[in-house]
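Visitor: Below is a structure I'd like to ask you about.
Values quoted throughout were computed directly from the atomic coordinates according to the rules given, and no laboratory measurement underlies them. Remember, it's a predicted structure, so these values are computed and weren't measured experimentally. Heads up, the Cβs are rebuilt from the backbone with ideal geometry, glycines too, and the neighbour counts pull from every protein chain shown.
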Amino acid sequence: MMTDENEEKISVSGKVYWQFYSRYYGFWFVVCSQLSLILFTGAKILNDYLIGQWALSEDQHSKFWYYTIASVIFIVLMTLGVYGRVGSCQLFTWRASKNLHTQMINRTVLAPVNLYFDITPVGRILNKFSKDLNAIETQ
């Protein structure tokens, strides 16, 4: 009856990953995270190009404020891109964790008493809940 919980052999197929990401993250996660990445990358490339043009320019001193302000604008856009990507990852991970927890609770409550609760200790059930949710939220 007593087995070690840490000795589980787990094999997850690609189909399971596809179902998980399509169900819990979905299309809008890809759109939000990729648009943020495009904003960051585009602003970074344009900022590097602008600084290169400034370095090669003959009249560096006369257009100092133009290049400085344009560079600051691109830096702000890069920052918004990073915040957008991190924010979308946090938001969609929170949503996925909440939905998965709800499904886990529903399936556990509906499990047959004589086949699940009589065999599985309560501590093991709680450990599986916390381990699965921790894996989603931190990784």
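Visitor: Kindly put GLU58, GLU137 in sequence by how many other C-beta atoms sit within 10 Å of each C-beta, fewest to most.
Guide: The fewest-first ordering by Cβ neighbours comes to GLU58, GLU137.
Visitor: Using 7 Å Cα-to-Cβ label points, what is the GLN60/MET104 separation (nm, one decimal)?
Guide: 5.8
Visitor: Scattering from the C-alpha atoms of the range 44-115 alone, worked out with Debye: what is log10 I(q)/I(0) at q = 0.11, 0.21 1/Å?
Guide: -0.52, -0.89
Visitor: Taking the 0 to 90 degree range and rounding to the nearest ten, how far is the long axis of helix 26-56 tilted relative to the main principal axis of the chain, both from C-alpha atoms?
Guide: For 26-56 against the chain, the angle is about 20 degrees.
Visitor: For TYR17 paired with VAL31, estimate the spin-label separation in nm (one decimal), with each label point 7 Å from Cα along the Cα-to-Cβ line.
Guide: Each label point is offset 7 Å from its Cα along the Cβ direction, giving 2.5 nm.
Visitor: Cross-link partners among lysines for LYS15, C-alpha distance below 28 Å, same-chain residues fewer than 8 apart left out?
Guide: Within reach: LYS98, LYS128, LYS131.
Visitor: What's the exposure ranking of LYS9, LYS98, LYS128, LYS15, going from fewest to most Cβ atoms within 10 Å?
Guide: Going from sparsest to densest Cβ surroundings: LYS9, LYS15, LYS98, LYS128.
Visitor: Percent of alpha carbon pairs in the chain separated by more than 22 Å?
Guide: Value for the chain: 61 percent of Cα pairs lie more than 22 Å apart.
Visitor: Also: Output wanted: per-residue J couplings in Hz (rounded whole) for the range 101-114, from phi through Karplus 6.51 cos²θ - 1.76 cosθ + 1.60, θ = phi - 60°, x for Gly and Pro.
Guide: 4, 4, 5, 5, 4, 4, 6, 5, 5, 7, 5, x, 4, 6
Visitor: Still on this structure: Assuming R0 = 30 Å, can you tell me the calculated FRET efficiency for the pair ILE45 and LEU133, based on Cβ-Cβ distance, to the nearest 0.05? Mind dumping the intermediate values first?
Guide: Numbers: r = 39 Å, r/R0 = 1.29.
That gives a FRET efficiency of 0.20.
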